1. Can you tell me which residue is nearest to Thr358 (Cα to Cα) among those in the range 247-284 that are modelled with pLDDT under 90 and open to solvent by less than 30 Å² (accessible area, probe 1.4 Å)?
2. What is the number of the single condition among (1) in contact (Cβ under 8 Å) with a residue 12 or more places away in the chain; (2) in contact with a Lys or Arg (Cβ under 7 Å, 6 or more places away or on another chain) that Asp92 does not meet?
3. Just need a number here: residues in the range 37-49 that are free of Cβ contacts under 8 Å to residues at least 60 places away in the same chain and either under 9 Å from Gly172 (Cα atoms) or not in a helix (DSSP H, G or I) (or both).
4. Can you name the residue in the range 327-356 that is more than 24 Å from the chain's Cα centre (by Cα) and surrounded by 15 or more Cβ atoms within 10 Å (Cβ to Cβ) and, of all such residues, is modelled with the lowest pLDDT?
5. Would you kindly identify the helices (runs of 4 or more DSSP H) lying entirely within the range 228-344 that contain at least 1 residues that are free of Cβ contacts under 8 Å to residues at least 60 places away in the same chain, of a type in the set (Lys, Arg) and more than 25 Å from Pro60 (Cβ to Cβ)?
6. Of all the residues that make up the range 58-71, how many are assigned to a helix (DSSP H, G or I) and in contact (Cβ under 8 Å) with a residue 60 or more places away in the chain?
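The values are calculated or read from the model by the stated rules, or taken from the named source; none is laboratory data. Source: prediction; values computed, not measured. Note that we place each Cβ from the backbone using ideal geometry, even for glycine, and neighbour counts take in every protein chain shown. Note: areas computed on protein heavy atoms with side chains; ligands, DNA, RNA excluded. Shrake-Rupley method; radii C 1.70, N 1.55, O 1.52, S 1.80 Å.
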Amino acid sequence: MSKDMLMWDETIFRNPEILELDHVPEYFAHRDSQLQSLKFALRPAVRGMRPLNCLISGPPGTGKTTAVKKVFSELQEHVKNIVFVKINCQIDSTRFAVMAKIYENLLKVSPPSSGVSFGKVFQKVVNHLITSDRILVVALDDINYLFHEGHADEVMYSLLRAHEQYPGARIGVIAIVSDTGTMYKFDPRVGSVFLPEEIAFPRYGSREIQDIINNRVLHAFFPHVVPAEVQEKIVEYTDLTGDLRIGIDLLKRAGLNAERKASRIVSIEDVEKAYEASRLLHLCRNIGTLNEHEKTLLRLIAQGKEPQTGELYKEFHETTQLGYTRFYELVEKLNSSQYIDADFSGKGMRGRTRIIRTRYNPADILHCLEK
């Protein structure tokens, strides 16, 4: 057997966990100012006061969630009276689901799934904080999804004004927003108490992506496994979107492709093959979080030929029996989440006819919907 071939019990991965998307790296470069701003906002909590609230924004895959997890982890080691809770609002997208997650983290047991109101669960959460003399810091990751269902203001209002109804309650909120071209505005009642420290996470530049990918290669693989030209190809693909998660996923898949061939070296061909498999990874994952009516509407759009709003609504109504108001809300959600473009064509009454088309290849969307 060639010395360039892997034995059945050998691997090219030194630390494969470094290539998992939920891994919090020790080397977290090019985000020093953002980390410092986040720590500054949470410093009052270390002294027993309510922390400053934060609004973290930036495109997908720019380190927003990782930064919060890293700061939470560091502070948790040094303070015991602060409870840090990160909630994925793609998954927990209602006000009850958010509060149930906080309840679970505090009391180490889930609240009853039925017969209990949001108010009751919230009351137990706040009373527990007061009696145990603890401070709560909640990170609402992808809070965009709470806006889509109309729960964002209710959740924020309850958390931010808890101290008014329950003196002694100390709660801080970190809202994490993925930039999708739509600005989300809180109700004035929320805005007047939120008053956040705004922390922006810009898209990674090509050199920054290169530095981060090189570091992941250094720690995830054994030496000389991923040649420079292969790393450059991965950086090139990652730079197309600015989403670092795509580059990390490519590294993992390309490495697995090399191992499948029993090769000790990752090749350009391994990367190309991995890119074909991974390019739809995030699209399919995100589409999987949509509810059935949203998926139905997206499917109708993907199957149509640039349908106008009126034609699309008729088809949607026949399929779901839902009214125009709900249809319009779903169009706005899919538009703001960048699944579709809903442009006014300039035709029709007062030039307000809307043409709706998918931002992705319709075949790719239908593929994800069928998974």
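1. My answer is Leu283.
2. (1)
3. Looking only at that region, the number is 1.
4. By that ranking, first place goes to Thr353.
5. So the answer is 244-260, 309-320, 324-336.
6. Qualifying residue count for the region: 4.
For (1) assigned to a helix (DSSP H, G or I); (2) open to solvent by 30 Å² or more (accessible area, probe 1.4 Å), each residue gets a yes or a no:
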residue	(1), (2)
Pro51	no, no
Ile56	no, no
Ser73	yes, yes
Val85	no, no
Ile91	no, yes
Val126	yes, no
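Conditions tested, residue by residue: (1) open to solvent by 30 Å² or more (accessible area, probe 1.4 Å); (2) at positive phi; (3) touching a strand residue (DSSP E or B) at 6+ places or on another chain (Cβ under 6 Å); (4) hydrophobic (A, V, I, L, M, F, W, C).
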residue: Pro188; (1), (2), (3), (4): yes, no, no, no
residue: Glu197; (1), (2), (3), (4): yes, no, yes, no
residue: Glu208; (1), (2), (3), (4): yes, no, no, no
residue: Leu218; (1), (2), (3), (4): yes, no, no, yes
residue: Phe222; (1), (2), (3), (4): yes, no, no, yes
residue: Val235; (1), (2), (3), (4): no, no, no, yes
residue: Thr238; (1), (2), (3), (4): no, no, no, no
